[in-house]
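So the structure is just underneath, and the comments pick up after that.
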Amino acid sequence: MIYSNHHRSHSIFNRYEGNPILTPDDWPYPANATFNPGAIRHNDETWLLVRIEDMRGFSHLTFARSKDGKTDWHVDDHPALMPNPEYNEERWGIEDPRIVWLEDMQQYAVTYVSFSKDGPVVSMALSRDLTTFKRRGAMLPPEDKDASLFPRMINHRYVMIHRPIIRGEAHVWIASSPDLVHWGEHKILLPVRPGWWDSTRVGLGPPPIETSEGWLIIYHGVRMTASGSLYRVGLALLDLEEPWVIRKRCDQWVFGPHEPYERVGDVPGVTFPTGIVHDPDTDELKMYYGAADTSVCLASAKLNDLVSYLLACNDSKEEGFCI
């Protein structure tokens, strides 16, 4: 019973045969690593806002664009967002962006991690054209990472998923705000599961995806092993109007390090999704992820298949096995 969906869970995402799609060799200036991109469709192209680690170990964000989201990437010859010295929290770099289009504001919201001696914090920048950006600064206290806004207001409030570290615990949290400045109603959303594949840390992957059955959440889970950390990918489904309510959470990981480019790199054994693009005509969901903290890769699935897989999971509080 436990393993009845074993094959399905491990084939629900298909790796792109041309992986990795972006590497440091593709950059027009020196880069140590290119990974963990935000993703959005803009001007009839797929835009990836890629984290670039330079030779000092500091990160910034640069766009790469493609018509089909797979091939013929054009990489900008200059960064879109560099650490700004006016913001002390960005002193050691900016990392791991997520992008959503906020319909009510008619702007893109980019949430990212700012890093300094005070630790990582979640920051935000807004843009109407993905060319000029207006920083909003740090949103929540350190230590915090893996944040994204929901793409629309829910019950007249902005909602954000994030991952603070509190007393050493690394659960996924949810919060809301009337104005993108004052945040409250903080709740643990997805806790770690001791003994499981997501036992050490969990964190949001790409932004939440709205479906008729609820908000689809793609998240990463970490388990410490004798040879280091393993970063794998899981799924959850949240209620549409009460997103702090979990409808389903899958038991097995649905994607994880397997290929050489995911197992060998600056941080081995990492699949870290941060961007998604969905084509409603074909139902194809492209998931962009960082592989081994070194390159950008692509895997795809049908959105309906992901939701169906989650709905097939039972409601056992203790086990949560899919049947």
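Coordinate-derived values only; no laboratory data. Every value quoted in this text rests on a predicted model; they were computed, and no experiment measured them. Cβ atoms come from the backbone with ideal geometry, glycine included; neighbour counts cover every protein chain shown.
Remarks
- Choice from Arg157, Arg263, Arg201 showing the highest fluctuation, given a GNM over the chain with Cα pairs closer than 10 Å: Arg157
- Charging the Cβ of each Asp and Glu at -1 and of each Lys and Arg at +1, and nothing else, the dipole of the chain about its Cα centre rounds to 620 debye.
- A cut-off of 5 Å between modelled amide H atoms, ignoring neighbours fewer than 5 places along the same chain, links Lys145 with Arg163.
- Think of the chain as having a plus end and a minus end, set by charges on the Cβ of Lys, Arg, Asp and Glu; of Gly168, Leu216, His186, Gly168 sits farthest toward the positive end of this dipole.
- Segment Arg136..Arg263, full-extension length gain: 42.1 nm, with 0.36 nm per residue of separation and the alpha-carbon distance subtracted.
- Cα shape, the stretch 55-184, gyration tensor, a/c 1.5 rule: oblate
- Residue exposure sequence - Ser212, Ser177, Ser229, Ser295 - by fewest surrounding Cβ within 10 Å: Ser212, Ser229, Ser177, Ser295
- For the options His74, His182, His278, a Gaussian network treatment of the chain with springs between C-alpha atoms closer than 10 Å singles out His182 as fluctuating the most.
- Note, ³J(HN,Hα) from phi for the stretch 63-74, Karplus 6.51, -1.76, 1.60, rounded to Hz, x at Gly and Pro: 7, 10, 10, 8, 5, 9, x, 10, 10, 6, 6, 9
- Here the residues Asp54, Asp72, ranked from fewest to most Cβ neighbours within 10 Å of their Cβ, fall in the order Asp72, Asp54.
- Based on C-alpha pairs under 8 angstrom that are at least 6 apart in sequence, the chain has a relative contact order of 16 percent.
- Of Gly57, Gly195, Gly234, the one that fluctuates the most in a GNM where the chain has Cα springs shorter than 10 Å: Gly195
- Cα shape, the stretch 70-113, gyration tensor, a/c 1.5 rule: oblate
- Sorting Met139, Met105 from the fewest to the most surrounding beta carbons within 10 angstrom yields Met105, Met139.
- In nm, spacing of pseudo-spin labels at Asp77 and Asp305 (7 Å Cα→C-beta vector): 4.1
- Computed E for Asp44/Glu103 - FRET, C-beta separation, R0 25 angstrom, nearest 0.05: 0.85
- 19 Å Cα cut-off, lysine pairs counted over the stretch 17-311 (separation 8 or more, or different chains): 8
- In order along the stretch 114-123, phi translates into HN-Hα couplings of 9, 10, 7, 4, 8, x, x, 9, 8, 10 Hz, rounded to whole numbers, per the Karplus curve 6.51 cos²θ - 1.76 cosθ + 1.60 with θ = phi - 60° and x for Gly and Pro.
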